[in-house]
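Enquirer: I have a structure I would like to understand better, so I am pasting it below and will then ask my questions one at a time.
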Amino acid sequence: MLIVGELINASRKKIREEIREKNYDAIAEVAKDQHENGACYIDVNAGIFVGKEADYMKWLIQTVQENVDAPCCIDTPDPQVIEEALKVHKGTPMINSISLEKGRYENMIPVLRGTDFKVIALCMSDEGMPHTKDERLKIADNLVNSLVKNDIKIENIFVDPLVQPIGSGDHLGREFLDSIEAIHERYEGINTICGMSNISFGIPKRGVANRTFMVMAITKGLNSAIMNPLDQKMMASVLTAEMLLGKDQFCENYMNAYREGKLDF
Ligand code: THG
């Protein structure tokens, strides 16, 4: 499982204030904590700072990369913010994300063309959020084909079928899971990714729903997630699911986690 650490996101109250005040040490700490606990990419999102998003985004990237040896997952719908961010980012970033929405799609393609960037293809269009597997696959098809035509390697594409709250419809968990499975069947070598916590929006005891849904998605082939690597119970579920699916040779990761006390809670 390729883990993208989600915690540096201005939609979180505490982080919002730390970004606003450019509190270097606080952001550095959250970056280091996530990296030490298994995040390969550090998501950075300054989306709530309208008009100042690019400035804060650049500062976040520099702060993260001065403190951890990891690329960022540049989390913004705005292609101009991505372009600004790329001026300071070192190494090969993950772009979060391209979608079929007008303005986003056509302005993002020239930025991505021929690069080795990891690209999240978010299943969203001007028709709004997709609900069924078929709606998701239609958007995914469109995005994957156009990315490949623009010289993005299939191994660098991360399709996000978009998790939606189970409280909005009983079928929404199932449709999401089926789309993960269908995407892996259709495109050999592709990756899938998602932000899991949306599934439990509006219901109590969100953690157990998030963890259970994660395990179900891993069974369908999910191989990357935007998540909190400091959430020990979630990390244990991921590790255990992968071990039981034969994706952890000689149970090495599982046994290491056990020895480090990471399965004790
Ligand atoms: N897909 C893609 N990108 C995404 C998402 C996605 N980026 C943003 C988001 N969804 C994933 N990131 C986060 C970051 C933080 C939190 C949730 C998702 C979080 N949420 C707290 C909660 O849910 O209880 C509340 C926030 C708070 O602390 O105030 O921490 O789906 N491609």
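Enquirer: Condition check: more than 22 Å from Glu106 (Cβ to Cβ) and in contact with a helix residue (DSSP H, G or I) (Cβ under 6 Å, 6 or more places away or on another chain). Does Ile190 satisfy that?
Expert: Criteria met by Ile190.
Enquirer: Restricting to segment 176-194, and then to whatever is of a type in the set (A, V, I, L, M, F, W, C) and within 21 Å of Val119 (Cβ to Cβ), can you tell me which residue is farthest from the ligand (Cβ to nearest atom)?
Expert: By that ranking, first place goes to Ala182.
The rows are residues; the columns are (1) in contact with a helix residue (DSSP H, G or I) (Cβ under 7 Å, 6 or more places away or on another chain); (2) of a type outside the set (Phe, Trp, Tyr); (3) within 14 Å of the ligand (Cβ to nearest atom).
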position	(1), (2), (3)
Gly114	no, yes, no
Val144	no, yes, no
Glu155	no, yes, no
Pro165	yes, yes, yes
Asp170	no, yes, no
Arg174	no, yes, no
Phe213	yes, no, yes
Ala217	yes, yes, yes
Gly221	yes, yes, no
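Enquirer: Exactly one of (1) more than 23 Å from Tyr105 (Cα to Cα); (2) away from the ligand (no atom under 12 Å from the Cβ); (3) of a type in the set (Gly, Ala, Ser) is unmet by Ala140. Its number?
Expert: (1)
Enquirer: Further question: Exactly one of these conditions fails for Val208: (1) within 14 Å of Ile166 (Cα to Cα); (2) within 13 Å of the ligand (Cβ to nearest atom). Give me its number.
Expert: Among (1) within 14 Å of Ile166 (Cα to Cα); (2) within 13 Å of the ligand (Cβ to nearest atom), Val208 violates only (2).
Enquirer: Leu172 - would you say it is open to solvent by less than 10 Å² (accessible area, probe 1.4 Å), at pLDDT 95 or above and farther than 13 Å from Ser97 by Cβ?
Expert: yes
Enquirer: If you don't mind, there's one more thing I want to ask. Based on what the data block shows, is Ile180 in contact with a Ser or Thr (Cβ under 7 Å, 6 or more places away or on another chain) and either of a type in the set (Val, Ile, Thr) or in a helix (DSSP H, G or I) (or both)?
Expert: So Ile180 passes the test.
The values are calculated or read from the model by the stated rules, or taken from the named source; none is laboratory data. Note that the structure is predicted; figures quoted are calculated from it, not measured. No Cβ is skipped: glycine too gets one built from the backbone with ideal geometry, and neighbour counts run over all protein chains shown. Quick note on the areas: whole protein, heavy atoms, side chains included, nothing else; ligands and nucleic acids left out. Shrake-Rupley method; radii C 1.70, N 1.55, O 1.52, S 1.80 Å.
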